[in-house]
1. Restricted to segment 412-460, and to residues that are of a type in the set (S, T, Y) and surrounded by 21 or more Cβ atoms within 10 Å (Cβ to Cβ), which residue is nearest to the chain's Cα centre (by Cα)?
2. Name the helices (runs of 4 or more DSSP H) wholly inside segment 454-512 in which the number of residues that are farther than 23 Å from T543 by Cα and among the aliphatic types (A, V, I, L, M) is 2 or more.
3. Pick from D58, D34, D24, D91: which is closer than 20 Å to D426 by Cα and at pLDDT below 95?
4. Considering only residues of segment 541-566 that are outside any helix (DSSP H, G or I) and at pLDDT below 95, which is nearest to L524 (Cα to Cα)?
5. Search segment 88-105 for residues being of a type in the set (A, V, I, L, M) and in a helix (DSSP H, G or I), and hand back the single one that is farthest from S409 (Cα to Cα).
6. Which members of segment 297-345 meet the condition of being in a helix (DSSP H, G or I), within 17 Å of L287 (Cα to Cα) and among the hydroxyl-bearing types (S, T, Y)?
7. Tell me whether segment 65-87 contains one or more residues that are modelled with pLDDT of 95 or more, assigned to a helix (DSSP H, G or I), surrounded by 15 or more Cβ atoms within 10 Å (Cβ to Cβ) and among the polar types (S, T, N, Q).
8. Give segment 227-242 a look and list any residue that's free of Cβ contacts under 8 Å to residues at least 60 places away in the same chain and part of a helix (DSSP H, G or I), or say none.
Amino acid sequence: MSRLLSLCTTAALALCIALPVQADRLQQQRSLYDQTMSRLNNGQALDQSVINSSILQDYPLTPYLVMKDLENRLSRASTQEVEAFLVSHGDLPQAQRLKNRWLNQLASRGDFSRLRAHYDSASQNTELDCKLALDLWSSDRSKAMQQAEELWTVGRSQPDACNPLFQRWRDAGGLTEDAAWARMRLALLHRQDALARYLIRYQPERKALAELFVATATQPSRLETISDYRPNNQRPEAAMVDIVTVALRRMGNETPEAALALWPHYRDLAFSDQDRIDITRSIGVRLAQRFNPAALPFMAENDPDMNDERISEWRVRLALRSGQWQTAHDLTRAMPDELREQSRWQYWQLRSAQLAQPEVGELQDEYREVAQNRDYYGFLAAERTQTPYAINHRPVDVDRVAFDRVSRSAGIRRAKEFYARGQIVDARREWYHVGRNFSREELIAQASMAREMDWYFPAIRSISQAQHWDDLDIRFPLAYQQEIQHHARERALNSTWVYAITRQESGFMSDARSPAGALGLMQLMPATAQETARRYNISLGNTNQVLDPDRNIALGTAYMAQLQQQFMGNRVLSSAAYNAGPGRVRQWTRGVSNMPSDLWVETIPFDETRTYVQRVLSYGVIYGDKLGIQQPVLEQHERYLPIFD
């Protein structure tokens, strides 16, 4: 204790005395760290003797004290001190935030040489980009003019800090009517209509055209007056192409049927290949998602060689949904190699062949090839050939040298200390940040380390970043097994399905919060949680209780049981409803009773929900293998949609 006291100045003496005499070293470090951070948060100065003491010198989180102190007095700190901090502790996740503040101070002081030395243009700080371009004006005007135009020609408003640069660029004659037109086009595509109207003032020579552009984009039905958009001397074809392209794209996203009806009047304009692809995505894909067969010839006309992946995939899906089996088969064969070789389209090439030409038979050998894939389509193919699923679990071989190297890294040590302190968000931030610079072997070691800690989501994330797909113990852990199996039994649900939903929803991150507000392991929206709690008499005092793992699983499984009852015990439809809502699933199943489930899943309009359902069904197979349960990807009663009243 006397040695500790000798390290303390008068200002820090109270902190030192407060440390428990008999506490072990780590507890002493944590206590001193907490007290020092509290003082810093209250605006007090950092006592360097505390930082340099033998207690905190090797504590993993000490750099956060140094950073907080520097943040508090950044405006007064010397350049050398900030540079020294960035060299020593620039690997902290929040160091970039401090660095950005400092760089803005350098810009305000006009210290552009030092700003350039430390600025990374990849950070995409528009304000600094503008200030640097303005400073460049005196030494390389041509390059500064080019950078100004690039910064100006975007589809949104730029920060006020860019105005001096843009003003100088305009005064130098950089703002041409062509540049204003190009930005107006971008603004209208991004639905920044006020910005587009503002830009009309910079096009005095073609004011009428610019006004027509804005008016047509904001009211695309104006295209019905065909004569107003015929190219002539006052309306150059290039301008008409831009106006019609933007209007058709905006109309297609809202009323694709109306846009398609107008297409014959404009198809002969000199659209670029990219314009045609963009228009087809907006009109054709949207119509295909509504199962309108008229989209097929439209998509074929504008992407005949299947160069665009999204259009190509929806051509096949619409052909399948429309019962045009031969067309679907021909399209799967005509796909570019990178698409055709995916297990998805290998499966549908075989299925469409059977539907178009029943005489081809069972195609057992061909399906067995697809069944070698450990995914939704591979599992479907395995069921068709009555062969075992290609689970192919292979534990990862961890490089011990890499493991030791990762263990010793400062970021991992900080992450582990935050984790031990219960500061899980800070722990994840450190864990993810340090992993950005890891090699594949180090990512595998990091995943193994997280799994040893039962820290499920970071383990899944790291092993996925390493692209090692075969260690199913890391990728599909039996987390919260007691809780999941208990509540699954209570609601008469298959635990494989509960595991699959939970794995897809959160990766077993118990404190997960989605941007939409969904909470916890099973990602329940607060309103859904409250309604489910009332319906099933589950105690729920406040929204934060939804984050409790056991309560979250209780609520999630109750909601799953409710959906299963609504959709006649069908996991396919219930899983889709868990993701997209029961209302949408009822809409998507209207008039399609007894449709093969694989066909219905493939043509779900929402990409997110289609992927979600396929993952849940395939994850169920994997968890069945882990739990010793024979779980097919589709139960016998799920192979066709139920017949609804």
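The values are calculated or read from the model by the stated rules, or taken from the named source; none is laboratory data. Model, not experiment: these values are computed from the prediction. In this analysis, Cβ positions are derived from the backbone assuming ideal geometry, glycine residues included, and neighbour counts consider all displayed protein chains.
1. Y456
2. Fully inside segment 454-512 and qualifying: 456-465, 472-475.
3. It is D58.
4. Within segment 541-566, the first condition is being outside any helix (DSSP H, G or I), and the residues that meet it are 541-542, 548.
Filter once more, keeping what is at pLDDT below 95: 541-542.
On the way: G541: 15, N542: 13 Å.
This residue is N542.
5. If we take residues in segment 88-105 being of a type in the set (A, V, I, L, M) and in a helix (DSSP H, G or I), then L103 is farthest from S409 (Cα to Cα).
6. The one that is in a helix (DSSP H, G or I), within 17 Å of L287 (Cα to Cα) and among the hydroxyl-bearing types (S, T, Y): S312.
7. Checking segment 65-87: at least one residue is modelled with pLDDT of 95 or more, assigned to a helix (DSSP H, G or I), surrounded by 15 or more Cβ atoms within 10 Å (Cβ to Cβ) and among the polar types (S, T, N, Q).
8. S227, D228, Y229, E237, A238, A239, M240, V241, listed by residue number.
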